[in-house]
Each structure stands twice: as structure tokens, then as C-alpha cells.
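Structure, as C-alpha cells:
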Amino acid sequence: MANKRQSKKTNVVTLATPLANLKANLKGKVRRHLRSLGFRRSKDDGRLVIDGTGKEAIRSLHLAQRNNKLKQNKEFIEEQWPLLQKHFASGSEIDPGNIKPELELVRSNSWQANLFRLAALTWAVPVSNGFGRRLRYLVWDRHNNKLIGLIAIGDPVFNLTVRDQHIGWDVKARTERLVNILDAYVLGAIPPYNMLLGGKLVASLIRSRDIYNDFTKHYGNLEGIISKKEKRARLLVVTTSSSLGRSSVYNRLKLGEQQYFIDIGFTRGWGHFHIPDTLFIEMRNYLRKLKHKYADKHRFGQGPNWRLRTVRAALTALGFKDDLLKHGIQREVFFCELAKNARGILRTGKGRPNIKSLLTAKEVSELAVKRWMVPRAERRPEYKLWQAASIADLFAEKRAISKVVEMR
């Protein structure tokens, strides 16, 4: 009998040890990763802090995530770059006075989708894949059939304090009317068009009749994934945020008398961007061992901010405080109203969208090229030195990233 008890006790210890080891190893990895990024604990209150708040410091924080994404896409880049490099311009191929921007809606499983994915990998700050409703665009220069930039808008996060306060939402109103807002999670120009303030052109195209109509066509009468109710949605507002603190792209973004984006404040510096995919996968595996409900709660419709919730649950299970998610990097948030009465409709749920002032993408483009790109070309002619082959250098893993691409 004693032998049986002893055997049973030994088995329990043997089974528990791998989980304990997994916990200890994962805790060590989290600590080492945060130290490698330059984070340390404040002596005053123990919160996470980092030395430096400039744009280079922020790029460095994203470096591990960016390099990891490039590793994951290595085969894709090697396969697609020889096929798609012809769509990237050299500076000598641009005639600033004759730039002819055009929006192309990207379809899944197309060569345009591959081009979008490839071009997005040049961003110094990795971009997300978006979730839920999504519209992706290539912005072309039809004068030479070269790529100017990228736009991707998708479902916004559920909780965004500065947005909700700006609109005047309570929780009930937000739940009912968030369907009328999208977030631009990819928005920018690629070289050499970024050198000609192409980022301002691309951002301005958000407030165009073309994008408003595309949204209505694709999502105007869909059933809500979470609510299961039919919602007659209209794209009233697009939000976006700057990855590198204050933005020089969206500030003072105005054509004629029309303001395209307004600054509504900053995020609070909470998030999970400093947790790379490799570490996130290990966190989810650990939660699976614990049979935690968030281990596989990753599909849209199962709750907002699923990745943030999962990381928080894993950190708590590992014995960390969730203040490890307070990285302190605040993003400037911008608000673009496609309808003049957008805030009123979002606040009250009443009224018809007033879109009389919405210009077509062609009309917006003509104004933007004349307002920003032509004068910039005259002042800064060095864009002519850019060679399209240099795009390949942006797919290389690096220790430090220089700003060559305009980012969100």
C-alpha cells in the first residue's frame, strides 16, 4: 500500500515539473527580451520605462518584431521580388508635374495582393494584418504605372478613449455605432514617392468618395459578426495613429478649406507591440497547458482586442503584473470625417450622412499633387537619385532602421 502511495506521489511531481520548468523558462525569456529592447524597471514605482523617446528609440523597440516578420516572409520575398520589382519606381522615372494617382482595390489571392504584402514589408514599423472588415488599396502613378503607396482600413479597436471622448460616446452608443468607423492600419508612401510627400497624398485619399462607396458596396448591409444583427453601416469616420509619436504627415493635412485629419489626442501607452510573435506563440502554448480560455480565443467575433487579452492573461499566469503592457509609447490619434455631420450621427444615431463635400479620388489626387508633390520636387530634387533596386535593401534584417518609408 505504501509503495502505491509513494508511486502516485512521484507521478504527480513528475507531471508537475515540466509545467513549472516551462513557466520558469518563459518568465526568463520575457525578462531577457524586454531588457534587450532597452526596458528597465523604474526605481520609484517599478513601472516599465525606456531611455529615450525619440523616433529612433521607437523604431528600435519594433526591431525584434520587424526582423521576425522578415524571417517569416523570407521565402515569399525571394519568390515575389523578381516578379514584382518592375512595379517600383526609380526617381528618374517620375515626372512630378504629370503624376496621375489612382486607387486600385486589392482582391484576395491576386498578384496585387502579393504586391501589397511585399510593399508593406518595407515599413520600418511592422504593420498588422487587420481583422474583421477590411479594404486594401494600391495607390498607383498611372503616368508610369509605378506604385506610389498603400492603404488598408479595417475594424477599429473597441476601446479607444480619445476617440470615444471626441465623439461623446457612452458604452451603449459605441457598441451600436462603432460599425460606422474603420481604422487605417496601413497608410503611407514608398520610396521614392515618400520623398515627394507622397504620404500626404495617400492619407488624403482616405477622405474620398471612392472609398466611401467601396465600403457601402462591401459592408453596407452585412450582419454584425458579434451582434448577429443586420446593420446598415456607412463609413462616417476613419481613424489612424502615428507609430512614431507625433506625426508630420497628418498634422495640418488640408486641401483648400477642407481639413482631412484632425488630431484628437494620444493613446495611453498600453499595448503589446513589444511582445513579438515568437514570444506570443509561447505564451499561448503555456495558456493551453493551463487550459486557459484565452489560449485559442483568436477569431474576430470572440471579443475585442484578443491579442492584448491573451498577452495579459499569460503575463498574469506567469506571475507578472499586467503593467508590463504599459510600454509608455504614446501614439498620436487622428480623426477623418467623411461626412460633415459624422460626429452628430455617431453620437445620437440620427441623421443621414452629408457627403456633398466628398471629392473623388481623382479630384483629391490632383489637388494633392499640385499642393505638395510638385513644390517638393522643385525644393528637394535628390529623389531622382533613388534606384528601384534599393527597395530590396529594405527587406534585410537590421540592427537599426533609418527612416526611408513614411509610416503611420
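Where a number appears in this text, it was derived from the coordinates with a stated rule and is not lab data. Nothing here was measured: the structure is a model prediction, and the numbers come from that model. Note: ideal-geometry Cβ built from the backbone for every residue, glycine included; neighbour counts use all protein chains shown.
State, to one decimal in nm, how far the label point of Asn109 lies from the label point of Asn129, with both points 7 Å from Cα in the Cβ direction.
So the two model labels end up 1.6 nm from each other.
Please give the length that would be gained between Arg142 and Ala24 if that part of the chain were fully extended, namely 0.36 nm times their separation in residues minus their C-alpha to C-alpha distance (nm, one decimal).
So the chain would gain 36.8 nm between Arg142 and Ala24.
Using 7 Å Cα-to-Cβ label points, what is the Asn98/Thr161 separation (nm, one decimal)?
5.3 nm
Given the peptides 206-218, 115-127, arrange them by the average over their residues of other C-beta atoms within 10 Å, most packed first.
Order by mean packing, descending: 115-127, 206-218.
Students often check this: by mean Cβ neighbours within 10 Å, which of 384-391, 21-28 ranks highest, and how do the rest follow?
384-391, 21-28
For the ranges 102-113, 184-195, 282-293, 308-319, what's the packing order if you count other beta-carbon atoms within 10 Å of each residue, average per peptide, and put the highest first?
Output ranking for 102-113, 184-195, 282-293, 308-319: 184-195, 308-319, 282-293, 102-113.
In the structure displayed, which of Lys172/Lys321; Lys69/Lys291; Lys23/Lys291; Lys74/Lys289 lie more than 22 Å apart, Cα to Cα?
Too far apart for the 22 Å limit: Lys172/Lys321; Lys69/Lys291; Lys74/Lys289.
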